[in-house]
Amino acid sequence: MVFVWQCVLPADRLLRSVEMGFNEGHSLLKHLFRAVGNLLKLFLVVLVTAVLITIGLRAIVALVYRGSTYTVDIVPSHRVAIIFGARVYPNERPSVMLADRVATGVDLYQTGKADVLLMTGDNSIIEYNEPDTMKSYAMKLGVPEEAIVVDYAGRRTYDSCYRARHIFEVSEAILVTQNFHLDRALLLCNALGVKAVGVWADYQRSTGYSRTSLSYSRLREFPATLAAVFDLIRRPTPILGEPLPIFPHE
């Protein structure tokens, strides 16, 4: 009996040890799951807050600059119209959206609303050249070469507005781009010293813009507007160079 009791006693202790270990492990898992749950809740709060701020900024910018957008027929005349770049295909053919921007700029020139068209776009690599494509297309539509100025370092809307003021010494302008992009362009140019109004360039919107491209462009404007606000706070300096005033004798 003593022997049996001596055998049972260690087994009982072993079971209790296993039970205690199990309880400790279970408690640890509970704490771990609770911590992960709290982190997920915090992440969701931050995410929702960021989304609401982004949507709010976009709505505010659109509301503020609603009164600064016009059609070609009624926009106030300015000496310079800034045409923003967009996608160019490998065969140097402008995308539908870019073609609309250039065509709208041409209409501004031909109706006497602008004297000079500043074509600003990306030419960061030799094989890709938005400004020259824009210039060629405008000339095909009847604008003389001397009425066109090209900016090869307009990689972003911020860069285009900054360079328009500091390189080409533009103080007032008509901005030409699609409706979804125009608010942000107006925000940036006005904040960077170019007193600007805008004209929508949506001639082929109902028939020429793909639904996917248009949806992507609209959605992109939400984070892009937030990035624009941060740029205006930080004021990074884009690629510059020697001043090239459009009207050097003034």
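Computed from the coordinates by the stated procedures, all read-outs in this text should not be read as laboratory data. As the structure is a computational prediction, the values presented were derived from the model and not from experiment. Ideal geometry is used to build each Cβ from the backbone, glycine not excepted, and the neighbour counts take in all protein chains shown.
Descriptive notes on the structure:
- Test for VAL102: is it surrounded by fewer than 24 Cβ atoms within 10 Å (Cβ to Cβ) and either in contact (Cβ under 8 Å) with a residue 12 or more places away in the chain or not in a loop (DSSP other than H, G, I, E, B) (or both): no
- Residue, nearest to SER213 (Cα to Cα), within region 72-89, restricted to residues that are over 23 Å from the mean Cα position of the chain (by Cα) and not basic (Lys, Arg): VAL72
- If you go through region 155-171 and keep only what is part of a loop (DSSP other than H, G, I, E, B) and not basic (Lys, Arg), you end up with ILE167, PHE168, GLU169, VAL170, SER171.
- Among the conditions (1) over 22 Å from SER77 (Cβ atoms); (2) within 20 Å of the chain's Cα centre (by Cα); (3) crowded, with 20+ Cβ neighbours inside 10 Å, the only one that ARG155 does not satisfy is (3).
- Residues located in region 65-99, provided they are surrounded by 21 or more Cβ atoms within 10 Å (Cβ to Cβ) and among the aromatic types (Phe, Trp, Tyr): PHE84
- The residue of region 172-220 that is surrounded by the fewest Cβ atoms within 10 Å (Cβ to Cβ), among those that are of a type outside the set (Ser, Thr, Tyr) and in a loop (DSSP other than H, G, I, E, B), is GLN204.
Residue-wise test of (1) surrounded by fewer than 21 Cβ atoms within 10 Å (Cβ to Cβ); (2) within 28 Å of LEU186 (Cβ to Cβ).
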{"position": "VAL46", "(1), (2)": "yes, no"}
{"position": "THR49", "(1), (2)": "yes, yes"}
{"position": "GLY56", "(1), (2)": "yes, yes"}
{"position": "LEU63", "(1), (2)": "yes, yes"}
{"position": "THR120", "(1), (2)": "no, yes"}
{"position": "GLU127", "(1), (2)": "yes, no"}
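- Within region 108-154, the set of residues being in contact with a helix residue (DSSP H, G or I) (Cβ under 9 Å, 6 or more places away or on another chain), assigned to a loop (DSSP other than H, G, I, E, B) and of a type in the set (D, E, K, R) comprises LYS113, ASP115.
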